[in-house]
Amino acid sequence: MTSAVTTAPGGAAPALAALAYHDGQFVPLEQARVPVTTQALQYGTGVFEGIRAYTQADGTLAVFRGHDHYARLLRSARTLRIDVGLDAERLCAVTAELLRRIGSTDDMYIRPLAYKRALLPGTPPGVQLTGVSDALSVNAFRMGSYTDRGGIQVAISSWRRPESGMLPVRAKVTGGYVNNALAVDEARAAGYADAVLLNSRGLVAEASTSNVFAVVRGRLITPPATADLLEGITRETVVTLAADLLDTATGFEDLARDDLCNADEVFLTGTGSEIVPVTGIGGRAVGDGTPGPLTTALMTAYHEVVRGKHERYHHWLQAVGQDSA
Ligand code: PMP
C-alpha cells in the first residue's frame, strides 16, 4: 500500500501524516483548520491525549492502551463540559481507521483534541463553558522512540505545578500546559533536558510531560495522585509490570526534593518519552550517574510489551487492521 505519510525534511522532525479526522470526516491534514475565533484557541479550553501505536513483530501496527487514553480524554472533556460525541470504543475505531488510511506501519503518535469551538447563537462573548459548541480532531504522525536510554539531566523547576483547586490537574487540559511549557523552557535554557515540578507543598509532582519514579532505599516509589499530577497511563503500566514481571511493589508516597536527589535511581514515564532514566538532577548525579538496574529492567519489559512480546498484555494492544469506523 502507498503510504500517505509525508517525509520530514532532513528526517529531524516527526513527519506529519497527511490525514486527520476532523469534524466527523477524514480529510487531508491541510483542511483540518480552525478559525481564529475558536474559543479553545483564545482561552485554552481544549483537552487532548497523546497515544502511541507500535509496529509489532509481524510488521502490523497496534495502538497501545488506546481505550485507556480515550477514557481519560472523556473524563478530561467532562471537566470542561465538552461533548466529544463519541464513546471510547468509537474513538478507538476512528483512530484505527485513520491509521489504516494513512497506511504507515511505522511507529505512530496519535493526537486527539476535543475543544470548545464557537459561541452558539445568543451566547454573548466571554470566557465560558456553556453556550459554546464542541469539536473533535484527531491527527497522527510517524514518530519512533526518542528516549535517551543513556539517561537525561533534569532541573528542579522554579515553576510550581498548580494545585487541583487552581486547575483540574488530573485532566489533560490544553490551557494548563502553559505551566509545562514554561518549565521546559526554563530547564532547556539552563542546559537540562527536562524539568521536575514540585507542587504547591514543595513535594515532587511530575516532570513536564511525564511522571516521576524513584528507587529510595531499595523501594520503588511514585508520588500519589494527590501530589497534583496527571495520572499517567505509562505510570500505571510500569506499576503493573514492576509487580507482575519484577516482583516489585510500588509505593504511592510523597517524595521530597531531597528524596529525589538522594535516590538510587530515578526515571520518568510517559507515552511519548516511554521510560527515560534520569542520571542527574540539578547538576548532581543520581546514584552512580548511569541508569540503574530496576530502570533498565523496566525499560526492557516495557519495550517488549508495547511490541506484543508478552501475550499476557495483548489486551493493551489494538491491532489497526481490525474493526471499521
Ligand atoms: N504528566 C503530564 C503533565 C503529561 O503531559 C503526561 C503525558 N500525557 C504524563 C504525565 C504521562 O502520562 P501518560 O503516561 O498517560 O502519557
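Compactness of the chain is given as radius of gyration and Dmax, 19.9, 63 Å, from Cα positions.
Close amide H contacts of residue 281 (hydrogens built in the peptide plane, cut-off under 5 Å, sequence separation of 5 or more or a different chain): 154, 286.
Let me check I've understood the local charge: for residue 169, count other residues with C-beta under 11 angstrom from its C-beta, Lys and Arg +1, Asp and Glu -1. What total comes out? Mind dumping the intermediate values first?
Working: positive: 161, 170, 172; negative: 163, 206, 228, 231.
Counting the neighbours of residue 169, the net charge comes to -1.
For the pair residue 89 and residue 178, label points projected 7 Å from Cα toward Cβ lie 4.0 nm apart. The calculated FRET efficiency for residue 31 paired with residue 256, based on their beta-carbon distance and R0 = 41 Å, is about 0.25. Each residue of the range 263-269 was assigned a 3J(HN,Hα) from its phi angle through the Karplus expression (A = 6.51, B = -1.76, C = 1.60, θ = phi - 60°), giving 5, 6, 9, 9, 8, 10, 10 Hz with x at Gly and Pro. To the nearest Å, what is the center-to-center distance of the range 188-219 and the range 111-139, using C-alpha atoms only? The range 188-219 and the range 111-139 have Cα centres separated by 33 Å. Working note: Karplus 6.51/-1.76/1.60 with θ = phi - 60° gives the range 80-91 the couplings 9, 6, 9, 8, 6, x, 9, 8, 4, 4, 5, 5 Hz, where Gly and Pro are set to x.
Rule-based calculations on the coordinates, nothing more; no lab input. Predicted, not measured: the structure shown is a model, and the values here were computed from it. FYI the Cβ positions are ideal-geometry reconstructions off the backbone, even for glycines, and counts take in every protein chain you see.
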